[in-house]
Amino acid sequence: MVKPAMSYLDVLADTAATSDVPVWAYQISGEYSMMQAAAQNGWIDLDAASYESVLGIKRAGADAILTYWAVDLAQRLTGRSDAARVIR
Ligand SMILES: NCc1[nH]cc(CCC(=O)O)c1CC(=O)O
């Protein structure tokens, strides 16, 4: 598990490149909170920025991502309001 994810994308990529076991990334509450706050101030598009931040973590090599947007993203990516139950 590499955390916090967004500040350690280089460490995540290096770890994923050499790990024999699945590598997880944790997008911690501080990363989530600063983006929620920025969106509340009208500074960023939350839907776009949250998706892009998680996509970047995946692109760095994470096999799985722990994120406070998990349910939101699952619903948006599947188009299903019950996505969180379905993916469990
Ligand atoms: N070491 C404990 C731990 N495990 C996960 C988090 C982050 C929890 C979060 O902020 O989402 C923390 C606290 C910390 O490292 O500061």
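Any read-out appearing in this document is the output of simple, stated calculations on the displayed coordinates, not a laboratory observation. What you are looking at is a predicted structure, and each value in this text was computed from that prediction instead of being measured. Because the Cβ atoms are built from the backbone with ideal geometry, glycine has one as well, and the counts that use them run over all protein chains shown.
Below is a table of values for the structure above.
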| item | result |
| --- | --- |
| Number of the exception - Val23 against (1) buried (at least 16 other Cβ atoms within 10 Å of the Cβ); (2) hydrophobic (A, V, I, L, M, F, W, C); (3) out of contact with any helix residue (DSSP H, G or I) (no Cβ under 7 Å at 6 or more places or on another chain) | (3) |
| Region 1-22: number of residues that are within 15 Å of the ligand (Cβ to nearest atom) and small (Gly, Ala, Ser) | 2 |
| Some residue of region 47-59 being surrounded by 14 or more Cβ atoms within 10 Å (Cβ to Cβ), in a loop (DSSP other than H, G, I, E, B) and among the hydrophobic types (A, V, I, L, M, F, W, C) | no |
| Asp20 being of a type outside the set (S, T, N, Q) and in a helix (DSSP H, G or I) | no |
| Residue in region 63-73 that is under 13 Å from the mean Cα position of the chain (by Cα), exposed (fewer than 12 other Cβ atoms within 10 Å of the Cβ) and over 20 Å from Val11 (Cβ atoms) present | no |
| Pairs with Cβ under 6 Å, 6+ apart, first in region 68-80 and touching a residue at least 24 places away in the same chain (Cβ under 8 Å), second within 16 Å of the ligand (Cβ to nearest atom) | Tyr68/Tyr32; Trp69/Ser50 |
| Of residues in region 23-43 being assigned to a loop (DSSP other than H, G, I, E, B) and away from the ligand (no atom under 15 Å from the Cβ), the one nearest to Tyr8 (Cα to Cα) | Val23 |
